[in-house]
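Taking it in order: structure first as structure tokens, then the write-up.
The values are calculated or read from the model by the stated rules, or taken from the named source; none is laboratory data. These numbers were taken from a predicted model, which means no experiment stands behind them. Cβ placement follows ideal geometry from the backbone for every residue including glycine, while neighbour counts extend to all protein chains displayed.
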Amino acid sequence: PRKIIIDTDPGQDDAVAILLALASPEDIEVLGITAVAGNVPLALTETNARKVCELAGRPDVKVFAGCDRPLAHTLVTAEHVHGKTGLDGPDLPAPVMPLQDGHGVDFIVDTLRAEAPGSVTLCPLGPLTNIATAFQRAPDIVEKVQEIVLMGGAYFEVGNITPAAEFNIYVDPEAAEIVFRAGAPIVVMPLDVTHKALVTTPRNEAFRALGTPVGVAVAQMTDFFERFDKEKYGSEGAPLHDPCVTAYLLRPELFTGRHINVEIETGSKLTRGMTVADWWGVTDRATNATFMGDIDADGFFALLTERLARL
Ligand code: BDR
Ligand code: CA
């Protein structure tokens, strides 16, 4: 199995991404989960990460708390999307499993240092603060990374938190810039992809029909999560942003994109956090990321439902 670290700010869609990874032990070995401040403050994201592990029946997974604020600016959160707890919808019990001692960034650094070059995949599902801090503190770990598969950014879909920027990149553009310039192979799941991974009513009923605590909780999460996108954008259902990352590890052929140059805007007030993606190759800037553009959504939901059924 592929060794991964999930870096996350749960978030209903983060939760589903974690569940998909934990449902797939033959393909994915979760070395640990590092929480970061994002959708809600850190105390909630680390608690939510533990709730999700317990829901999956995996209280043995190591969960660490990482950075509680972005590198250079104050934290922007998204309770308007995810609710007060960040995981509104299901009524999950307070976690019993412990939070690990030590800082999430130290866990990332120590874990990568102990592994062979090119052997660990990082899966950031929130702002890139933890990953950037780890790379800054220990540049030697970059070569240990097999791939960074992250949810963030947008090109044709532009923005969801400002007209120009996607939430994860917007919250910590300075961190994103460090990560995109680090030199590790990067796969990006932008809004262009995730806005096609919509939980329509039949897809959500398929989760509920699993009849398991996991299936029911996932249906309740998307019930809550989708009210925002339905009201705001008139979309057919909630976009399952973050599970695109874990689905890519299992079935990369579900996604298509281009290997291009992607730069992060950190200066402009108006477009801060924009992913300036050279989709059409109009510059001679060096390529640094595979920027996905399309998804086989039916294949994605079939995979997700089949795997969640195992938990
Ligand atoms: C991203 O922002 C968060 O609200 C979601 O969890 C996802 O990671 C989408 O822009
Ligand atoms: Ca997230």
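Just one of the listed residues (Pro239, Pro202, Pro243, Pro252) is under 26 Å from Asn130 (Cβ atoms) and exposed (fewer than 14 other Cβ atoms within 10 Å of the Cβ), and it is Pro252. Total residues in the stretch 79-130 satisfying the condition of being surrounded by fewer than 19 Cβ atoms within 10 Å (Cβ to Cβ), over 23 Å from Gly11 (Cα atoms) and among the hydroxyl-bearing types (Ser, Thr, Tyr): the figure is 1. Quick one: would you say Pro70 is surrounded by fewer than 17 Cβ atoms within 10 Å (Cβ to Cβ), modelled with pLDDT of 95 or more and within 16 Å of ligand 2 (Cβ to nearest atom)? Spelling it out, it is not the case that Pro70 is surrounded by fewer than 17 Cβ atoms within 10 Å (Cβ to Cβ), modelled with pLDDT of 95 or more and within 16 Å of ligand 2 (Cβ to nearest atom).
Restricting the stretch 161-179 to residues that are within 13 Å of ligand 1 (Cβ to nearest atom) and touching a strand residue (DSSP E or B) at 6+ places or on another chain (Cβ under 9 Å) leaves a set whose member that is nearest to Asp242 (Cα to Cα) is Asn168.
Among the residues of the stretch 276-311, those that are in contact (Cβ under 8 Å) with a residue 24 or more places away in the chain and aromatic (Phe, Trp, Tyr) comprise Trp279, Phe291, Phe300, Phe301. Against the list (1) surrounded by fewer than 24 Cβ atoms within 10 Å (Cβ to Cβ); (2) not in a helix (DSSP H, G or I), the condition Thr133 fails is (2). Here is a check on your reading of the model: is Ala65 of a type in the set (A, V, I, L, M), more than 28 Å from Glu306 (Cβ to Cβ), more than 14 Å from ligand 2 (Cβ to nearest atom) and in contact (Cβ under 8 Å) with a residue 24 or more places away in the chain? Considered against the rule, which asks whether it is of a type in the set (A, V, I, L, M), more than 28 Å from Glu306 (Cβ to Cβ), more than 14 Å from ligand 2 (Cβ to nearest atom) and in contact (Cβ under 8 Å) with a residue 24 or more places away in the chain, Ala65 comes out as yes. Within the stretch 155-170, the set of residues being within 14 Å of the chain's Cα centre (by Cα) and of a type in the set (A, V, I, L, M, F, W, C) comprises Phe167, Ile169.
When restricted to residues that are β-branched (Val, Ile, Thr), in contact (Cβ under 8 Å) with a residue 60 or more places away in the chain and either within 16 Å of ligand 1 (Cβ to nearest atom) or farther than 9 Å from Ile5 by Cβ (or both), the stretch 105-142 contains 4. Summed over the stretch 1-52, residues that are acidic (Asp, Glu) and within 16 Å of ligand 1 (Cβ to nearest atom) total 5.
Using the structure shown, decide if Glu147 is in contact with a Leu (Cβ under 8 Å, 6 or more places away or on another chain) and closer than 23 Å to Leu249 by Cα. So Glu147 fits the description; yes.
Taking residues in the stretch 3-18 that are among the acidic types (Asp, Glu), and partners anywhere that are in a helix (DSSP H, G or I) and within 11 Å of ligand 1 (Cβ to nearest atom), the pairs with Cβ atoms closer than 7 Å and at least 6 places apart or on different chains are Asp9/Thr45; Asp13/Phe225; Asp13/Pro243. Can you find a residue in the stretch 35-51 that is within 13 Å of ligand 2 (Cβ to nearest atom), part of a strand (DSSP E or B) and surrounded by 21 or more Cβ atoms within 10 Å (Cβ to Cβ)? Yes, the conditions are met somewhere in the stretch 35-51.
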